[in-house]
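One structure is given below, encoded as structure tokens.
Here, each number is a calculation from the coordinates, and none is a lab measurement. Keep in mind it's a predicted model, so treat the numbers as computed, not measured. Positions of Cβ are backbone-derived with ideal geometry, glycine not excepted, and every protein chain shown enters the neighbour counts.
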Amino acid sequence: MSLNSNSLNSKLFKIIYRLTLPGGLLLIFAAVLIRVGILSDPDSPAVRYVPLLIFGIGLGLSAFFRRSRLLFATLILALSEAAYIWVAPFMKPTAAHTMVTAFSLLLPLNLVAIAFIKERGTISRTGRRRLAIGAVQVIAIGVLCLPWMARVAAYLDRPFMPLIFTQWSHLSQATLASFLLSFLAIMITLVRGYRAVESGLFWALISSFAACRLEVGNHFSGIFFATGGLALIVAVIETSYSMAYLDELTQLPSRRSLNEAMMKLPETFTIAMFDVDHFKNFNDSYGHESGDHALRMVASKLARIAGGGKAYRYGGEEFAVVFPGKPAEDVFVYLDRMRKIVEQSSFTVRGKERRGKKGKPRLKGGKIETSVTVSIGVASTNGDALTPTEVMRLADQGLYRAKAKGRNCTIAVKSGKVPRPMETGLRVASVT
């Protein structure tokens, strides 16, 4: 009962974190600055030009790190801020109202669309097509603002439910519905799993809603749009960090993270090397997509390994687990327990009709329940003055021995005081 309660509390904490940080802190900070009067002067250079600086930085970082989705989202916020602060105040009231209403209606729809499209680059054919779609929207809004389009523009404000439910927002009912549906769609993706881009879009959406509720030309609108821009900048930084230090497929720390962690290890430590058994045959039988599924399953188990270990994606079907401050004798039981957990974890793959060399079907379509096993090699310093690279080399030797022994086993090795020929200074310390 206690374990279930702790698991539930952990899940709730993760969901709350995904829905509140880091964008929530930015929005609260902006609200506090407005409340205490620091940003109350509309003629202050900070109030007028800092949003432009933020959008410029956001566009520059997105382009530099090739995050096209975040670049498009930042561009949408920048155009919306320009419409509210720099263009609408100098237009006739009717045209200004039409323009900001159209922008506020399309803004959330564009943000939610960005949340569900894939990264395709900015200057690629797909990127140019997306930019063209945005340009068409801007042109369409400009046409709606013309006097002879007044009847068409009036449909933007036409209610479809009693006003008592929506008049608190000061937005048209179509705009309010657009924000609400977009909010729910992005929130669902965050509840399922944290992703920096979706988190940035989520808080950009909330900040934009706060901005759109204000009157045309209100300088606080620019502050809220800029807050959304800051949330997108944070998303750019987070995704850039993930690209450098997290493995995209498994979401485990990457080999680059492992290399940095090895430079900070204490005098005593243990390294274990995991290899998915017969992974090439698994890919040949079920396809690369199922192979990716298998790697994600193994990674999800390794991410929760006990004994103070931290798992890394080493490359291909190999993983490394590092135990700082622990000798092999203390962690061997946790490693072999993990081997058994992986062995007992079945998962479902979708089979495909495939042909062997003689044209005979090898696998029929449909869902198939299968599993994988892992071989493990373990090594530690064991009081010797060994570098992390040397310990990893010993762990690799243990992994090779595990494979030679028949796979699906855990073998620990340690350096021998008197190296023997043909054993390269290694001897088996533990075998299961």
Electrostatic dipole magnitude of the stretch 75-151 [Cβ: Lys, Arg +1; Asp, Glu -1; Cα centre; debye, to 20]: 340 debye
Assigned charges on the beta-carbon of Lys, Arg, Asp, Glu; the stretch 2-245 dipole about Cα centre (debye): 860 debye
Nearest-ten-degree value, helix 219-245 long axis tilted from longest Cα axis of the chain: 20 degrees
Stretchable slack from A135 to K280, in nm (0.36 nm times residue separation minus alpha-carbon distance): 47.5 nm
Magnitude of the charge dipole, the chain, Cβ model with Lys/Arg +1 and Asp/Glu -1, debye to 20: 1760 debye
Percent RCO, i.e. relative contact order, over the chain, from Cα pairs under 8 Å lying at least 6 residues apart: 13 percent
Backbone HN-Hα couplings from phi across the stretch 301-314 [Karplus 6.51/-1.76/1.60, Hz, Gly and Pro as x]: 6, 5, 4, 10, 5, 8, x, x, x, 10, 8, 9, 7, 7
Cα radius of gyration and Dmax for the stretch 254-332 (Å): 14.0, 44
Nearest 10 degrees, 0 to 90: helix 2-20 Cα axis against the chain principal axis: 40 degrees
Spin-label model distance (nm) - V143 vs I341, 7 Å beyond Cα toward Cβ: 5.9 nm
Members of K326/K403; K264/K340; K301/K403; K310/K403; K301/K405; K340/K414 lying beyond 28 Å, as alpha-carbon distances in this model show: K264/K340
Rg/Rg_globular for the chain, with Rg_globular taken as 2.2 N^0.38 Å and Rg from C-alpha atoms: 1.28
Backbone HN-Hα couplings from phi across the stretch 61-71 [Karplus 6.51/-1.76/1.60, Hz, Gly and Pro as x]: 5, 4, 5, 5, 8, 6, 9, 5, 4, 5, 5
Positive dipole terminus of the chain, leading residue within Y286, V333, S240 (C-beta point charges): Y286
Cut-off of 10 Å, at most 10 other beta carbons, DSSP loop: longest stretch of the chain lacking such GluC sites (Glu not before Pro): 1-247
Principal-axis tilt of helix 173-192 within the chain, Cα atoms, nearest 10 degrees: 10 degrees
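Take R67, R407 and order them by how many other Cβ atoms sit within 10 Å, fewest up front.
Starting with the residue having the fewest Cβ neighbours, the order is R407, R67.
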Residues whose placed amide H lies under 5 Å from that of K414, excluding near-sequence neighbours: R427, A429
Of L61, C145, A320, farthest towards positive along the dipole that unit charges on Lys, Arg, Asp, Glu beta carbons give the chain: A320
Karplus-derived 3J(HN,Hα), 6.51/-1.76/1.60, for each residue of the stretch 212-218, Hz, glycine and proline x: 6, 6, 7, 6, 4, x, 5
The stretch 2-245: relative contact order as a whole-number percent, Cα under 8 Å and 6+ apart: 32 percent
Rounded if a/c under 1.5, otherwise prolate or oblate - the stretch 16-59, Cα gyration tensor axes: oblate
Helical mean residue ellipticity (222 nm; -39500 (n - 2.57) per DSSP H run of 4+; nearest 500) of the chain: -18500 deg cm²/dmol
Nonlocal amide H pairs with Y314, under 5 Å, H built at 1.01 Å: F319, A320
